1. Report, by residue number, each residue of region 101-137 that is open to solvent by less than 30 Å² (accessible area, probe 1.4 Å), assigned to a strand (DSSP E or B) and either touching a residue at least 40 places away in the same chain (Cβ under 8 Å) or among the hydroxyl-bearing types (S, T, Y) (or both).
2. Give the number of residues within region 80-91 that are buried (at least 16 other Cβ atoms within 10 Å of the Cβ) and among the hydrophobic types (A, V, I, L, M, F, W, C).
3. I'd like the full set of residues that are within 19 Å of Q96 (Cβ to Cβ) and open to solvent by 50 Å² or more (accessible area, probe 1.4 Å), limited to region 18-47.
4. With respect to the numbered conditions (1) within 20 Å of M127 (Cα to Cα); (2) part of a loop (DSSP other than H, G, I, E, B); (3) of a type in the set (G, A, S); (4) at pLDDT 95 or above, which one is the sole condition not fulfilled by A79?
5. Within region 84-97, can you find the residues that are under 18 Å from G32 (Cβ atoms) and without any contact (Cβ under 8 Å) to a residue 60 or more places away in the chain?
6. Out of all the residues in region 53-73, which are open to solvent by 60 Å² or more (accessible area, probe 1.4 Å) and not hydrophobic (A, V, I, L, M, F, W, C)?
7. Quick one: would you say E94 is surrounded by fewer than 16 Cβ atoms within 10 Å (Cβ to Cβ), under 20 Å from F13 (Cβ atoms) and of a type in the set (D, E, K, R)?
8. Is at least one residue of region 25-42 among the β-branched types (V, I, T), within 13 Å of the chain's Cα centre (by Cα), within 24 Å of R9 (Cα to Cα) and modelled with pLDDT of 95 or more?
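The values are calculated or read from the model by the stated rules, or taken from the named source; none is laboratory data. Everything numeric in this text was worked out from a predicted model, so none of it was measured. Positions of Cβ are generated from backbone atoms using ideal geometry, with glycine treated the same way; all protein chains shown enter the neighbour counts. SASA here: full protein model, heavy atoms, side chains in, ligands and nucleic acids out. Shrake-Rupley method; radii C 1.70, N 1.55, O 1.52, S 1.80 Å.
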Amino acid sequence: MAAHAEEERRNYFDDPFLQVTNGLSSCPTQKGPLITLAEKKAAAHYRAERGTSCYQSGRCRLPNAYLYDKEIIPRVQKALLADGSFSDTSIWVEGQRRWVWIKGCVHTQEQSKRAEDIVRAIDDVEMVINELVVQGH
């Protein structure tokens, strides 16, 4: 009997995810917002509720918090690249409902903190989740 194939994972909600830098070859490729169809179905109600509550509470000008992400993530990329201190890092960014995950590898704790501070200062970013790993030199 053939082994049961793992269920396909996709970015069903089209959440923005991109690699910003690629200067640390030992850094593993980060996983994006890939979920199964069953996970998508389970998350749909939660995402609708979380997305619109921001607008209903007066904290968002757009009717759904997820509408900001496709604009925020390119600004995050631009800001990190403009800083100029991350060429020796491998950083990916992901956005969901004005929250930004920064993932990947840096050489120092200072780079990790600097990246987080840069992202936190970007308009419309509500939360930054720093998952950067310090690998050292």
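1. At the first step, the residues of region 101-137 found to be open to solvent by less than 30 Å² (accessible area, probe 1.4 Å) are 102-107, 111-112, 115, 118-119, 122, 125, 128, 132, 136.
Next, only the ones that are assigned to a strand (DSSP E or B) stay: 102-106, 128, 132.
Answer for region 101-137, where residues must be open to solvent by less than 30 Å² (accessible area, probe 1.4 Å), assigned to a strand (DSSP E or B) and either touching a residue at least 40 places away in the same chain (Cβ under 8 Å) or among the hydroxyl-bearing types (S, T, Y) (or both): K103, G104, C105, V106, L132.
2. Of the residues in region 80-91, the ones buried (at least 16 other Cβ atoms within 10 Å of the Cβ) are 80, 86, 89-91.
Right, trim to among the hydrophobic types (A, V, I, L, M, F, W, C) and you get 80, 86, 91.
Summing the residues that are buried (at least 16 other Cβ atoms within 10 Å of the Cβ) and among the hydrophobic types (A, V, I, L, M, F, W, C) in region 80-91 gives 3.
3. Going residue by residue through region 18-47, those that are within 19 Å of Q96 (Cβ to Cβ) are 18-20, 30-47.
Q19, K31, L34, L37, A38, E39, K40, K41, A42, H45, Y46, listed by residue number.
4. (2)
5. If the condition is that a residue be under 18 Å from G32 (Cβ atoms) and without any contact (Cβ under 8 Å) to a residue 60 or more places away in the chain, then R97 is the only one that fits.
6. Within region 53-73, the subset open to solvent by 60 Å² or more (accessible area, probe 1.4 Å) is 55-59, 61, 63, 67, 70-71.
Within region 53-73, Y55, Q56, S57, G58, R59, R61, P63, K70, E71 meet the criteria.
7. Numbers: surrounded by fewer than 16 Cβ atoms within 10 Å (Cβ to Cβ): no; under 20 Å from F13 (Cβ atoms): yes; of a type in the set (D, E, K, R): yes.
No.
8. Residues of region 25-42 that are among the β-branched types (V, I, T), as a first pass: 29, 35-36.
From what is left, the residues that are within 13 Å of the chain's Cα centre (by Cα) are none.
No, that holds for no residue.
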